[in-house]
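Input: a single structure, listed below in structure tokens.
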Amino acid sequence: MAHINRRYIDKHWLMFVVRGVMAAVFGCLILFSGAIGISDIIAIVSVFLLLMGIIDAVGALYSSTKKHDWVNSIIDALIDIVAAVALLFFAKDSLVASLVILSIYTILSGVIDIFHGFLSTVDPTDRFIRILAGVCGCVMGVVILNAGNLEITTFARFFGAYMLVVGVTSMIYGVHNRAQKIEDKIARSQARKKKK
């Protein structure tokens, strides 16, 4: 069995799965929906980011009760909520403002994922998943920023594709950490039996 950082995998894995399912559903909704207006897209994205922020905040509360690294979840929650509020109150019907806010959000989320990938874990699978999601975020953030001369539906599809990637990687990450937690529990149980 590979070395497992017990402190890291003991985080609330279900939060990543729920977050991933939400992101994937949202990504599919945007990718496969018909032509929708900018105000509809802004409203959908704002509600989605607000829900993501709430999930991250709940994850932070859970982690704080277990004395884990909850600061990362608080940062993620704040970024999601600030982006949602900025879209709702500052972007409104402006495509340019929406593009700027979403590209900054996407790039910032990507940088944080890369940072978490390099610093948060020793597990190679978790590291790869986080870094992959982060690189996708940075690339898609730049694409979204330069999508101003495209139709609104094209821009929405770029963001939807990014959310689909985030959703799939979050689900893989959560399921993988759940499997690690089970392996760790079995390994501890076997170690106790050997001592007896």
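The values are calculated or read from the model by the stated rules, or taken from the named source; none is laboratory data. Bear in mind the structure is a predicted one, so any value in this text is a computation, not a measurement. Neighbour counts are summed over all protein chains in view; Cβ atoms, including those assigned to glycine, are modelled from backbone coordinates with ideal geometry. These accessible areas exclude ligands, DNA and RNA; they are computed on the full protein's heavy atoms, side chains included. Shrake-Rupley method; radii C 1.70, N 1.55, O 1.52, S 1.80 Å.
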Any hit, the stretch 146-164, residues being farther than 21 Å from VAL96 by Cβ, in a helix (DSSP H, G or I), at pLDDT 85 or above and open to solvent by 30 Å² or more (accessible area, probe 1.4 Å): yes
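Restricting to the stretch 114-141, what's the tally of residues that are open to solvent by less than 30 Å² (accessible area, probe 1.4 Å) and out of contact with any Asp or Glu (no Cβ under 7 Å at 6 or more places or on another chain)? Break it down stepwise before answering.
Within the stretch 114-141, the first condition is being open to solvent by less than 30 Å² (accessible area, probe 1.4 Å), and the residues that meet it are 116-117, 120-121, 123, 126, 129-130, 133-134, 137, 141.
Remaining after also requiring out of contact with any Asp or Glu (no Cβ under 7 Å at 6 or more places or on another chain): 116-117, 120-121, 123, 126, 129, 141.
Qualifying residue count for the region: 8.
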Of residues in the stretch 19-46 being β-branched (Val, Ile, Thr) and at pLDDT 85 or above, the one most open to solvent (accessible area, probe 1.4 Å): VAL25
Which of the residues belonging to the stretch 170-186 are under 18 Å from PHE128 (Cβ atoms) and among the hydrophobic types (A, V, I, L, M, F, W, C)? MET171, ILE172, VAL175, ALA179
